[in-house]
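Derivation of every value follows stated rules applied to the coordinates shown; laboratory data play no part. On a predicted model such as this, the values are computed, not experimentally measured, just so you know. Cβ sites come from the backbone with ideal geometry, for glycine too, and all protein chains shown count toward neighbours.
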Ligand SMILES: Nc1ncnc2c1ncn2[C@@H]1O[C@H](COP(=O)(O)OP(=O)(O)OP(=O)(O)O)[C@@H](O)[C@H]1O
Ligand SMILES: [Mg+2]
């Protein structure tokens, strides 16, 4: 393999995993914008998406498209229930309490997944088979293209939702000024509920397209949450475009690091980038520094 | 239309509203004047459901709304123009106005909302010129107009305004107050205006209340209050010597 084809290969591998980080980062941002909290259970939604999809296709034997819709619906409901049972009952919770609750949530999700589906790994068939495509000397799996396409669709739908629908605008209004939002008659608690449902849904989609590329298991959520968190912070917390760019960037750097240095350093790279950015520009690559001073977290 | 009965509001241990009672009749423009920290904004936020009342009642057309959520209160027809405008800065002027009609979407024909949008633009032509501009980039006067326009988009029966004159030049202040008085005269909107600028507030309002450290000290029609020696001294800066203290 020549160097240039190696570079193309690493690039595609990086974009694939980076797309997943981007989706997790988007999920973080949606909840952060409406509540100001970091939902550490975000990675569990990805894990649940993969697991429920495996269960519906292999155990229940549903056809793929139906299983896809059902999986997203089920995980979305789980996200909504999590908000109603764990976040909603609190009156005036502090940021610290909320973070501890989402951490507890992630442990509960992980434990339940282990009890239901066991400790073994699960996988799914690729959407369009595993026949690789030759591209500039590199071999690319069709699933890679699916993942990139899914990210593009999610980003487009979110852009339309936040810019052209009343509910999307109301969500933005809540994130800039919750008091003013309630003064115009927006039910802020309902927006919080919606943001959890939406993030869970996006997480589920990420899990479904990601599972064929890796082996999904009950405890995969934490690492995904960490990488997605790095993407969200690197892109500037709350900044959707930032999270996508940063997610892809982390994925690509990881892939090059693993290819050219050693795969042992792969997970360290995201954290190293995060640390460097937090020291040099704490508001993230695309964040506004004035805004970050006002943030509670 | 609105009646506060022995309202008490606390922030933690701090007792801010102390046994407040007042009333506003339909079609009236009533003003509330008081110094900084008297509790005026707290009173409006209690009415809007942002701050919970500890005891007492807020009767709106006979029903107690003191335990209602802010969005339900807006649906009942009470809309607030908050202190300091509180616009959605990164959203456009038009989006800010449309969000004002948030409770009406899905219930009413979109044409009705569009019609009201045009009405607001007719009231404040400067907003129409800037409809695509971000709200955060407007001048102070324009921001006040937008805040009022946004509050009007839900078709309030009772519009409450918190210091609409704050930070504005005298010419703009009278323009704003003329618009407020016009709402009362032409649209029969009931108005409750909190002000520190007692002169202009009492010039346009029918009646007024004076509030000091959480208590209502005086009430009366605007002309009587303007002639009251204590009001003149404390809020109009006329007589420097204290009359009674
Ligand atoms: N969120 C809050 N938490 C604690 N105390 C508060 C809060 N908001 C207001 N207060 C206190 O309540 C008192 C009344 O405040 P309020 O804002 O109602 O006054 P105001 O009459 O509107 O003053 P101004 O004319 O300056 O706007 C003040 O002493 C203030 O410090
Ligand atoms: Mg005030």
**Message:** What is the ratio of the Cα radius of gyration of the stretch A:169-297 to 2.2 N^0.38 Å, with N the residue count, to two decimals?
**Reply:** 1.23
**Item:** Spatial separation of Cα centroids for the stretch A:1-72 and the stretch B:68-146, in angstrom
**Value:** 38 Å
**Message:** Highest mean first, how do A:240-249, B:58-67, A:76-85 rank when packing is the count of other Cβ atoms within 10 Å averaged over residues?
**Reply:** A:240-249, A:76-85, B:58-67
**For peptides B:192-200, A:146-154, sequence by mean Cβ density within 10 Å, most packed first** = B:192-200, A:146-154
**Complete:** So, with points 7 Å from each Cα along the Cβ direction, the residue A:145-residue B:224 label distance in nm works out to 8.3 nm
**Asked** Counting only other chains, what is the mean number of Cβ atoms within 10 angstrom of the Cβ of each residue in peptide B:68-77?
**Response** 4
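Assuming R0 = 60 Å, what is the FRET efficiency of residue A:5 and residue A:70, from their Cβ-Cβ distance, to the nearest 0.05?
Computed FRET efficiency for residue A:5 and residue A:70: 0.90.
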**Asked** Measuring from the lowest to the highest alpha carbon on each principal axis, how far does chain A reach, largest first, in angstroms?
**Response** 61, 49, 35
**Message:** Taking beta carbons within 10 Å but only from partner chains, what does the mean come to for residues B:91-100?
**Reply:** 3
**Asked** Computed over the Cα atoms of the protein assembly as shown, what is the ratio Rg over Rh, Rh following Kirkwood?
**Response** 1.08
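Among DSSP bridges having both ends in chain B, what percentage is antiparallel? Round to the nearest 5.
Values: 21 of 41 bridges.
So the antiparallel bridges in chain B amount to around 50 percent.
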**Request:** Using a 10 Å cut-off on Cβ to Cβ distances, tally the other chain neighbours for every residue of A:171-180 and report the average as a whole number.
**Result:** 5
**Message:** Whole percent per 10 Å bin, from 0 to the bin with the longest distance: what is P(r) over all C-alpha pairs of the stretch B:88-154?
**Reply:** 24, 57, 18, 1
**Request:** Take A:199, B:222, A:94 and order them by how many other Cβ atoms sit within 10 Å, fewest up front.
**Result:** A:94, B:222, A:199
**Asked** When the Debye formula is applied to the Cα atoms of chain B, each taken as the same point scatterer, what base-10 log of I(q)/I(0) results at q = 0.14 Å⁻¹?
**Response** -0.93
**Label-point separation, residue B:139 to residue B:110 (7 Å along Cα→Cβ), nm** = 3.4 nm
**Prompt:** If you line up the long axis of helix A:188-210 against the longest principal axis of chain A, both from Cα atoms, how many degrees apart are they, to the nearest 10?
**Reply:** 0 degrees
**Rounded to 5, percent antiparallel among DSSP beta bridges of the protein assembly as shown** = 55 percent
**Prompt:** When you take every Cα atom in the stretch A:233-288, what is the radius of gyration, and what is Dmax, the widest Cα pair distance, in Å?
**Reply:** 11.6, 35
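Order the peptides B:121-131, B:70-80 from the highest to the lowest mean number of other Cβ atoms within 10 Å of their residues.
Result, highest mean first: B:70-80, B:121-131.
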